[in-house]
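First the structure, in the form of structure tokens, and then the observations on it.
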Amino acid sequence: MIFNELSGKTPASRVAVVAAGVISPLGIGLNETLTSLRGSKDCISPVARFDVEKCRCKTAGQISDERLLGQPRNGRKNERLHRATRMMIAVFEEAFGQDPGFTPQLTVVGTTSGGMSFGEDYYRALHRHRGLRHSPGWIANYPPQKPVIHAQHAFGISAPCQVIANACASGTNAIGHAFECVRSGKYQQVLTGGYDALSELVFVGFDSLQAATPEKCRPFDRDRSGMVLGEGAAVLALENLESARARRACVLAEIIGYGISTDNHHLTQPDPSGSGPRRAMEQALQSANRSAEEVDYINAHGTATTFNDAAEGKAIAELFGKVPVSSTKSMIGHSLGAAGAIEAVICLAALKAQFLPPNINFRNPDPDLDLNIVANTARDARIDIVLSNSFGFGGTNASILIQKVAA
């Protein structure tokens with residue numbers, strides 16, 4: 001690394017993505033995910049994990065326990081592991097299978113729920129005066145770092161673990177923080193991503209807020225009526241680009257920019273002006289030294305709630321004009337802390353296969369949102385730079401820019 005004597009600063013390192021793993025309702029692994037995206041697959045289904053009879057919303061994006069237990073390191077002997085742990089083990093398996101030489105010095109992961117369902121089990125057992133013979137396991141595996149630590153142990157990794165919990169921006173914040181760690185030169189290799197498993201408490205909470213819809217999830221549609229929850233996990237292996245090329249690693253893409261902002265407008269609603277999302281996107285562009293005209297596709301936060309889509313849509317239209325936009329939450333639901341990580345991997349797939357992921361269930365354009373929606377079906381397109389957005393309660397906003405790297 002060369003020291004710039006005039007500025008007194010070390011030039012920023014370029015940050016490569018050398019491996020990735022993903023599990024979501026779209027499928028397990030990059031190949032299944034790509035097939036489902038190409039096929040515009042609707043992966044929302046009736047909730048099977050708990051009783052939703054008294055809820056308005058009765059659907060979610062779900063991963064079957066059978067498929068989780070069927071993963072190589074998730075055998076029947078591990079049935080007592082939290083589902084989030086099994087998800088993290090699955091995505092670690094894929095990522096380290098792609099690049100066995102990647103040895104992270106730090107792990108940064110976003111989540112919102114942690115081991116919430118184990119907390120629910122403990123509460124029910126205590127409330128109903130049942131025996132608490134499983135309580136040590138429930139309590140020990142409840143903290144949000146445990147799924148990450150379990151996965152690290154399964155692969156012999158001893159890197160320090162940082163957990164970011166910043167509402168629905170958590171996954172993108174984790175990737176952004178990891179990006180800055182590598183870009184600064186302090187780390188050569190950082191593993192990052194996010195996870196969240198479907199939780200009854202969280203599901204009922206969003207339903208009580210009337211943020212969840214009893215209908216189809218229709219981001220940016222005139223008739224959108226709310227979000228649908230989902231679950232999943234994803235990780236990205238980030239490395240100094242020079243280091244990756246020196247050891248002849250396969251470079252999937254390059255993260256080039258990160259932006260973050262806060263609205264401070266309302267506990268759950270974004271500023272209607274879209275100023276918060278716009279600042280995050282502008283900062284990502286500035287961080288990357290790119291213009292809005294250079295962005296070829298935006299994977300929007302797009303929850304299908306009235307105010308969120310309106311604020312984000314206004315900011316995108318003002319800043320980017322007619323760039324293609326889609327929300328893949330229409331296919332898999334909103335996986336909260338995992339959303340930004342899963343959507344970053346979706347962007348990797350889009351760059352690799354040169355296509356625009358679809359925004360399904362789109363029927364009627366919103367006359368107040370002047371957007372170029374990738375409606376209902378995937379489209380082939382030449383794309384070099386993509387933007388991924390994540391915005392959360394409390395007005396927290398995060399955006400990352402990902403660029404295709406020439407072979």
Study note, to complete from the structure: Inter-part gap, Cα centre of segment 209-223 to Cα centre of segment 314-346, in whole angstrom, is 15
Review point. When the chain is fully extended, how far beyond the present Cα-Cα distance does ALA140 get from GLN354, taking 0.36 nm per residue of separation?
Key: 72.7 nm
**Study point:** With at most 16 other Cβ atoms within 10 Å, longest stretch of the chain clear of loop chymotrypsin sites (Phe, Trp or Tyr not before Pro) (DSSP)
**Key:** 156-407
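Test of understanding: given the chain, find the longest segment containing no GluC sites (Glu not before Pro) that are in a DSSP loop and have at most 16 other Cβ atoms within 10 Å.
Numbers: sites that count: GLU5, GLU53, GLU79, GLU215.
Looking at the chain, 216-407 is the longest stretch - no exposed GluC sites (Glu not before Pro) with at most 16 other Cβ atoms within 10 Å.
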Exercise for review: Run the quick spin-label model on CYS250 and VAL204: label points 7 Å from Cα toward the beta carbon, then report their separation in nm to one decimal.
Suggested key: 4.5
Review point. For the residue pair GLN286 and ASP42, what label-to-label distance in nm results when each label sits 7 Å from Cα along the Cα-to-beta-carbon direction?
Key: 4.3
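Given R₀ = 25 Å, what would the calculated FRET efficiency be for GLU318 paired with ARG363, taking r from the Cβ atoms and rounding to 0.05? Walk me through the intermediate numbers first.
Working: r = 25 Å, r/R0 = 0.99.
Between GLU318 and ARG363 the formula returns 0.50.
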Practice item. Taking the Cβ of GLN189 as the centre, find all other residues whose Cβ is under 11 Å away and add up their charges (Lys, Arg: +1; Asp, Glu: -1). Key: -1
Review point. With each run of n ≥ 4 DSSP H residues scored as -39500 (n - 2.57), what mean residue ellipticity at 222 nm is computed for the chain after dividing by its residue count and rounding to the nearest 500 deg cm²/dmol?
Key: -10000 deg cm²/dmol
Check your understanding: Which shape class, rounded, prolate or oblate, goes with segment 325-377 when its Cα gyration tensor gives a ≥ b ≥ c as root eigenvalues, a/c under 1.5 marks rounded, and past that a/b bigger than b/c marks prolate?
Key -> oblate
Review point. How many Å³ per residue does the convex hull of the Cα positions in the chain occupy?
Key: 136
Check your understanding: Once phi is turned into θ = phi - 60°, what whole-Hz ³J(HN,Hα) does the Karplus curve with 6.51, -1.76 and 1.60 give for every residue of segment 43-59, x standing for Gly and Pro?
Key -> 9, 8, 9, x, 5, 10, 7, 7, 6, 10, 4, 8, 9, 5, 8, 10, 10
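Here, each number is a calculation from the coordinates, and none is a lab measurement. Predicted model only: the values in this text are computed from it and were never measured. Neighbour counts run over all protein chains shown; Cβ positions are idealised from the backbone, glycine included.
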